[in-house]
1. So what's the angle, to the nearest 10 degrees on a 0 to 90 scale, between helix 326-348 and the longest Cα principal axis of the chain?
2. K140: which lysines have alpha carbons under 20 Å from its alpha carbon, excluding same-chain residues fewer than 8 sequence positions away?
3. Under a point spin-label approximation (7 Å from Cα along Cα-to-Cβ), what is the E284-A73 distance to one decimal in nm?
4. Loop-only check: which chymotrypsin sites (Phe, Trp or Tyr not before Pro) in the stretch 78-158 are DSSP coil with at most 16 other Cβ within 10 angstrom?
5. Report the FRET efficiency, 1/(1 + (r/R0)^6), for R55 and C252, where r is their Cβ-Cβ distance and R0 is 30 Å, rounded to 0.05.
6. If you fit an axis through the alpha-carbon atoms of helix 220-236 and take the longest principal axis of the Cα set of the chain, what angle between them do you get, 0 to 90°, nearest 10?
7. Given bins 10 angstrom wide, list per bin the percent of all Cα-Cα distances in the chain, short to long.
8. Using a Förster distance of 25 Å, how high is the FRET efficiency between E131 and L154, based on the Cβ-Cβ distance and rounded to 0.05?
Amino acid sequence: MAPSAYLLTNCAACAAPLAHDAPRCVRCRSRYCDATCQQDHWRRGHKQICKKIHRGGDAERYHANKKYKEAVAVAVEKCAEDAKGQTCYICTKGVFQRTNEGLVRMCACRGTAGFAHVSCLAEQAKILVAEAVENNLDDKVYQARWDRWSTCSLCEQEYRGVVAHALGWACWKTYCDNVFGRVALNRLATSMMKDERWEEGLLVHQSQLAKLRTEFPVNQEGVIDVLNNLKECYEKLGRTDAAIATSREIYCEKGQFYGNSHRSTLLAAGKLAADLVHHRHLHEAKELLSNLYDLQKVGDDVDEFHLKELYAMTLHDFHFYGYDDYREDLRKALEILEELVETSIRVHGEDHVMTESLWDLLWQVRDEQLDWSIDDLTPETRLAYHYDGKYEYSADSEEDADTAATTTSYISETSDFENA
Ligand SMILES: [Zn+2]
Ligand SMILES: [Zn+2]
Ligand SMILES: [Zn+2]
Ligand SMILES: [Zn+2]
């Protein structure tokens, strides 16, 4: 059986998302939820176009061809001004008489160089790849041949925007129903990103994910790449919850693939944590960062640094919720920041921007803590506030706390701690 193509992921009749083994029209291979949808579609007019779709290859190829033509038209239109009076460097013609296909150029070529028909670029790429496959050329050459689908052979720069998009569809229509379907779908997906087609990109990436997971489940790195692209699409579309859900998925996949304490997993965790904090999912952020914190040793690594800083910030923000252990949160934030400041001074120096921003945060937390209770101060903080042990307060009574607050403001006015 030919590898199944997954771009048509919705029922042709009712547009509901489909399972990968959804039934198909026997002739044109359009896909449906079930027999009811299929019969309904047939009566509503599929009967009239089924043969036409079948002659165009099958439903997947028919769809790819249609999208390709639309994409070429858009690309040609956009390049029209630039390409006026030029000729194709492959076939040496201008506009094709029969198809009326104009020229495009969106790479780093200048002057009269680099203009071509999308169909000529596609044909050339197809021939070069076929030749590499037939002669079993080595990996590097093979890869370079595939790059003809996305890179100009003259200036060696990647095609941009609408031209990249048109070549993406050209590639997919060429291989959608054979063994290169997965590679071609990947090219199409990349082209969506280059042309900033986030909504359409979602569909392609989701298809790609389904295809990878069923046909090539061991390629977890591939899955992670696709998830990263998916996340970018969600972000660009402002679909925050879906973006965060994808972030969780990436972290989870990396944990399974590399192990929880692997650098790459920690990076994914850091990204997830940053997303969570940014969108104020502080409960989850705190829990995640707390687990990560336990996983790590004190290091000079910048990424660990950011994770810890993020943890301290989260604890600080979280304590405003006033849960039972809010004091503990603040104390933990202080402990982390004091350690980070010390490390930062040692590694980067006193005046480094990172040291300074950590200092700022540390003072913010210290101030906050003073507001809550003198009793929560760590010995280091007491020193920083010029406590020498004579001012031992207990926050057991309201009265003591009041005294503490008064004395504190007195100290802060007269001491030079702000220059510390
Ligand atoms: Zn349906
Ligand atoms: Zn049909
Ligand atoms: Zn040409
Ligand atoms: Zn070029």
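1. 80 degrees
2. Correct list for K140: K126.
3. 4.2 nm
4. In loop regions of the stretch 78-158 (DSSP not H, G, I, E or B), the sparsely surrounded chymotrypsin sites (Phe, Trp or Tyr not before Pro) are F96.
5. It comes out at approximately 0.10.
6. 80 degrees
7. Taking every Cα pair in the chain, the percentages come to 4, 16, 20, 18, 14, 11, 9, 6, 2, 0.
8. Taking R0 as 25 Å, the efficiency between E131 and L154 is 0.80.
FYI, it's all coordinate maths here, none of it is from the lab. None of these values were measured; they are calculated from a predicted model. Using ideal geometry, Cβ is built from the backbone for each residue, glycine included, and neighbour counts are taken over all protein chains shown.
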